[in-house]
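Trainee: Take a look at the following structure, please.
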Amino acid sequence: MGRTPSIDDLVPLRPVPFAVLLALSGEPLHGYAIMQQVNETMGSRAIIGPGTLYRTLKELRGKRLIEHAKGPRGSTDERRQYYRLTGLGRRVAATEAERMAGLVSQAKSYRLIPDRGGR
Amino acid sequence: MPAQEGPLSVVCYRFLLVVLPRRFRAEAGEQLIQVFTDEYRDLRRRGTRLGTARLWVTSILDLVATALAEHMIRIRRVFSGGKRSLLPSGPGRGGRHLVEDFIMDLRLAVRSLIKTPGFTLLAILILGLGIGANATIFTLANTLFFEPPPHVANPDELVRIFRTNEERSFAGSLSYPDYVHYRDHNSAFDGVLAYSSDPIALTVGTEEVRGSAEAWRVSYNYFDVLGVRPALGRWFTPEEGSTPGTHLVAVLSHGFWSRFFGRSQEVVGQTMTLNGHTFTIVGVAPQGFRGTGPLESPPDIWVPIMTQPVITPVDGDWLLERVEGSISHWVAVIARLGPGITPSAAESNLTAMASHLEETYPFWSEGMRVFLTTNVASNPSTRSLLMKMTWLLLAVVALVLLIATANVAILLLARASTRRKDIGVRLAIGAGRGRVVRQLLTESLVLSLLGGAAGFMISFWSAGAAGRFLPVNLALDLEPSVPVLVFALGMSLATAVLCGLLPAFQSSDLDVNEVLKGGRSDPRQHRARGVLVVAQVAMSLVLVMGSILFVRSLQSAHAVDLGFEMENRLVVAVNLRNHGYDEAERAREFQVRALDRLRALPGVRSAATARMTPFRGNWTSEVTPEGRPREEGSEMIAGMNSVSPDYFETMGIPLLEGRSFTRTEMVRQDDLAVINRKTAEEAWPGESPLGKYLYFRSGEEGVQVVGVVENGTYYELGEPPHTQVYLPGVLPFRVNFVLRTAGDPQSHIAAARDAVLGTDPNVAIIDAWPLERNFQREVGRFRTSASLVSLFGGLALLLALVGLYGVMSYLVVERTKEIGVRVAIGASRANVARVVLWRGIRLALIGTAVGLAGSLATVRLIESMLYGITPYDAGTFVAVPVLLLLATSAACLVPARRATRVDPMVALRSE
């Protein structure tokens, strides 16, 4: 536990945790809002439910990538738990995104996918 | 809202969380429920049923995945020698054994069930029927009381407003002007809507097609207050709801749009004729929208209330305005609470407005109070009637399931007794008793789950059928949904424990030595079986008793002398107003001509007209009989009707004294009256009423009594005798032609329509129906309870008989040796049969006695649902036990006969 994990230990991320980090890259969100965004990002490939979401949040929190946060002003429901990225979480998400961008540009250079930017 | 409550779906979800490990549930449960609730609310707001179904599918899959993953973590922790062992385990028994044991038990159970397919199928069938009956009634209850209305946004913000009196003794509709007042002057609501769910029959025409449809009249803001979005086009505008008869627009239901317009996207802006007037279609409602509750059958078309004068000119201006001397309460009112307003605050606001109305318009509003309910599905009295019926049915099906459970328990006991050796051996070689119990329980679990699956499938078919029995027009699809599935699952688990526990414990508790030596069977098993049979017989007696009481009540409702005959009578309702018959004389002439044509029809015995038909509303007036002073306080209230001369003959109402009217008197509308016996007795006790006068409040001239007819039933079944005064002729608005037909009145509808239209093709026929339908609606509630309860009572009896038969058969098989010995030492066949029969009958007798006591204690609960008989009906209390005893004896006969055929040589050799 005591050791601060390095970013390299944490990437690559599985798709769902990565989608959760992406969802939280803006303002703090509560569970259902995260779930909606994740389901939107993932499209039809996978639909996550409350259980999977909670397990993912727990895992990410254990790795200190996200933390509890206060809800936005005006949110009245005490029971709703909000989450936001930690500094580490933000760096990990960025690293993962860069890693993926690298993969994408490689795929383009092998002409696996059309290079839209170059047209 | 406290965390424990919420929509049924949320409650179910909370329940499903039991699949998660306890620690995980404690840690995450509330958050999971929160997310689920958020999503559920969100979907509801968008109002898609499909969405809810998908939510359930994903949520269940998600729960299963989560539960598996979390359990795996715990199990893995145990194997990797984690600090805490999370499973109860002895030395050397890790968690793997528990899982492995279960899988092994499962395999054993399936294998042994397959080996005895007859037993397995019978048990599944019995449990399937029991659970299916429960799932059916649960589906009904769920749809009636829990399902939020589709497409309506935030239904929990809606309230229903009722008119009442100081004592709050009824919940009535409001008048339209009052509704407008509340709508425009309240400070509590986001919106207030009004509608009349009393459908009006329309003749619909487009250039291509003609047909008929039903319409609701609604306030212009109806859909907006409910928060429904149109599937096509728009809803009504405030202008369309402000002036009578100027804006002829209509919204179509999704179904009507599909049927009539083939889902044409261009329908908005098209016109169609409704009762001969051209209406413009402005929008189409979303599929499945049916207003606010499952009890009102949704219409084909919605039109603004302001089209009233055009669409049904029969009814007067008093529907929309306060007209001197007239009052009509005809609109149902629903309101959406403003943000932060509680229902009680809203009610105070309404009460203040009501007292303002009372001061301003004493004639229309004197003594009027208002109240609101947060239940928008139906009015309180319908709801309480349905609630009562649903509770009754739930109790009945719970009993049926208990009987089924006892039945399967008996089967399992019997089965276990044939396996005593097997179990004895397992115990002897060191299996723990707990292990054996678990294995036997697994077997009943498998049976119950299969039974539950069968029951769930049965309810798919039966829920729709059960819905048709209801006394209300429940025109919606009753489909088992996920809550029903969860319910069936819960029922199966409960059943598994109930029917498995006793046999499992009993049959695993045996003296190994005794069993292995081939000793006799255990007397405790017989006792257990005996108790189960007695319980079954007792419970089915209660149910059969209940169903017979309901059937007899239905019979007495049918047998009651209504004072008129309703078989083979046809009613054709015609609207004459705005068809050139505004003048009374001409209207009556039309009726005379139409009656001649109708009478001439083949198969029509006689024909008459009447303003009122039985069980369809009332018309009363204050009259002063001759001989009393004509002043305030001396009047009597008389029920009124105006009829043609042949009415009494056509309806089969006996003429007691004097005569009916003549045709000339009807056309001239002479000041004559025929009265019923009750009126005569009340007005002139002990004197002949013939030739005497009755005076109405308006008009100096009284009407002279020319005849007296027998009393009848006018408004509702079981009413005390009411006064009735018949006047000649019919008012020139709405006329009911009543025909006495030879044979089925339904088959004369077309001819009767043609005859009326042949007299004048321009009049509008409102509706035509067999008179019996008036009565059917009235007895509907008795019929419902009678048919459903009898169905389940029959099922219960059948199950009990099967149970008894099974027990007796096993008894004979088990005692083959004993019987063999008896025969060998000289017992006659009759002796043997008597012994076996007596065993069965003794059980049945005890069961009957217990059941009788139970019936005496419980029949009072159904007293209010019976008509014409007391719940302690002596005939029923004697006949049912006797019949039950006969039936149970019959069930013992076959086993008894089998016992007489035991060959002593074979029986003694077999061991």
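The values are calculated or read from the model by the stated rules, or taken from the named source; none is laboratory data. Since this is a predicted model, take the numbers as computed values, not measurements. Methodologically, a virtual Cβ is constructed for each residue, glycine included, from the backbone with ideal geometry; neighbour enumeration extends over all protein chains shown. Ligands, DNA and RNA are excluded from the accessible area calculation, which covers all protein heavy atoms including side chains. Shrake-Rupley method; radii C 1.70, N 1.55, O 1.52, S 1.80 Å.
Trainee: Residues in region A:22-38 that are without any contact (Cβ under 8 Å) to a residue 60 or more places away in the chain, in a helix (DSSP H, G or I) and among the hydrophobic types (A, V, I, L, M, F, W, C): how many?
Mentor: Within region A:22-38, the subset without any contact (Cβ under 8 Å) to a residue 60 or more places away in the chain is A:23, A:26-38.
Then keep just the ones that are in a helix (DSSP H, G or I); that gives A:23, A:31-38.
Filter once more, keeping what is among the hydrophobic types (A, V, I, L, M, F, W, C): A:23, A:33-35, A:38.
The total comes to 5.
Trainee: Does B:Ala890 satisfy being part of a helix (DSSP H, G or I) and either surrounded by 17 or more Cβ atoms within 10 Å (Cβ to Cβ) or in contact with a strand residue (DSSP E or B) (Cβ under 6 Å, 6 or more places away or on another chain) (or both)? So that I can check it myself, show each step before the final result.
Mentor: Details: part of a helix (DSSP H, G or I): yes; either surrounded by 17 or more Cβ atoms within 10 Å (Cβ to Cβ) or in contact with a strand residue (DSSP E or B) (Cβ under 6 Å, 6 or more places away or on another chain) (or both): no.
When the stated conditions are applied, B:Ala890 does not pass them.
Trainee: Identify, by number, the condition in (1) at pLDDT 90 or above; (2) assigned to a loop (DSSP other than H, G, I, E, B); (3) of a type outside the set (Ser, Thr, Tyr); (4) crowded, with 19+ Cβ neighbours inside 10 Å that B:Val708 doesn't meet.
Mentor: Result: B:Val708 fails condition (2) only.
Trainee: While we're looking at this one, here's another question. Give me the helices (runs of 4 or more DSSP H) completely within region B:626-683, filtered to those with at least 1 residues that are within 17 Å of B:Leu595 (Cα to Cα) and modelled with pLDDT of 90 or more, ordered by residue number. Don't jump to the end; show me each part of the working.
Mentor: Numbers: elements: B:647-651, B:663-668, B:677-683.
It comes to B:647-651.
Trainee: Check whether at least one residue in region B:73-82 is assigned to a helix (DSSP H, G or I), at pLDDT below 60 and more than 14 Å from chain A (Cβ to nearest Cβ), and report yes or no. Show your work before the answer.
Mentor: Quick first cut of region B:73-82, residues assigned to a helix (DSSP H, G or I) only: B:73-79.
Going one step further and asking which of them are at pLDDT below 60, we end up with B:78-79.
With more than 14 Å from chain A (Cβ to nearest Cβ) added as a condition, the list becomes B:78-79.
Looking through region B:73-82, at least one residue is assigned to a helix (DSSP H, G or I), at pLDDT below 60 and more than 14 Å from chain A (Cβ to nearest Cβ).
Trainee: Another question, then. Of the residues that sit in region B:306-340 and are at pLDDT 90 or above and β-branched (Val, Ile, Thr), which one is farthest from B:His277 (Cα to Cα)?
Mentor: Only one residue fits best here, namely B:Ile334.
Trainee: Also: Given the conditions (1) farther than 30 Å from B:Ser556 by Cα; (2) open to solvent by less than 30 Å² (accessible area, probe 1.4 Å), which single one is not true for B:Arg898?
Mentor: (2) is the only condition that B:Arg898 fails.
Trainee: Only residues that are open to solvent by less than 30 Å² (accessible area, probe 1.4 Å), charged (D, E, K, R) and farther than 19 Å from B:His151 by Cβ: list them for region B:235-292, please.
Mentor: B:Glu240
Trainee: Scan region B:375-401 residue by residue and report those that are among the polar types (S, T, N, Q) and outside any helix (DSSP H, G or I). Steps first, please.
Mentor: Looking only at region B:375-401, we keep the residues that are among the polar types (S, T, N, Q), and these are B:375, B:378-379, B:381-382, B:384, B:390.
Those that are among the polar types (S, T, N, Q) and outside any helix (DSSP H, G or I): B:Asn375, B:Ser378, B:Asn379.
Trainee: Something else now. Return a yes/no flag: does region B:27-43 have any residue that is away from chain A (no Cβ under 13 Å), open to solvent by less than 90 Å² (accessible area, probe 1.4 Å) and either over 30 Å from B:Phe146 (Cα atoms) or modelled with pLDDT under 80 (or both). Steps first, please.
Mentor: Applying the first criterion (away from chain A (no Cβ under 13 Å)) to region B:27-43 yields none.
No: region B:27-43 contains no residue that is away from chain A (no Cβ under 13 Å), open to solvent by less than 90 Å² (accessible area, probe 1.4 Å) and either over 30 Å from B:Phe146 (Cα atoms) or modelled with pLDDT under 80 (or both).
Listed here are the residues, each with its yes/no results for (1) part of a helix (DSSP H, G or I); (2) farther than 30 Å from B:Arg901 by Cα; (3) open to solvent by less than 50 Å² (accessible area, probe 1.4 Å).
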| position | (1), (2), (3) |
| --- | --- |
| B:Gly803 | yes, no, yes |
| B:Lys817 | yes, no, no |
| B:Gly820 | yes, no, yes |
| B:Ala857 | yes, yes, no |
| B:Thr876 | yes, yes, yes |
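Trainee: Which one of these does B:Ser187 not meet: (1) exposed (fewer than 15 other Cβ atoms within 10 Å of the Cβ); (2) modelled with pLDDT of 85 or more; (3) over 30 Å from B:Arg41 (Cβ atoms)?
Mentor: Unmet for B:Ser187, out of (1) exposed (fewer than 15 other Cβ atoms within 10 Å of the Cβ); (2) modelled with pLDDT of 85 or more; (3) over 30 Å from B:Arg41 (Cβ atoms): (3).
Trainee: Same structure, new question: State the number of residues belonging to region B:773-795 that are open to solvent by 30 Å² or more (accessible area, probe 1.4 Å) and either farther than 21 Å from B:Ser462 by Cβ or at pLDDT 75 or above (or both). Explain how you work it out, then say what you get.
Mentor: Step one: list which residues in region B:773-795 are open to solvent by 30 Å² or more (accessible area, probe 1.4 Å), which gives B:773, B:776-778, B:781, B:783, B:787, B:790-791, B:794-795.
In the following step, the residues that additionally are either farther than 21 Å from B:Ser462 by Cβ or at pLDDT 75 or above (or both) were identified as B:773, B:776-778, B:787, B:790-791, B:794-795.
Count: 9.
Trainee: Yes or no: B:Thr373 at pLDDT 85 or above and of a type in the set (S, T, N, Q)? Show your work before the answer.
Mentor: Values: at pLDDT 85 or above: yes; of a type in the set (S, T, N, Q): yes.
Spelling it out, B:Thr373 is indeed at pLDDT 85 or above and of a type in the set (S, T, N, Q).
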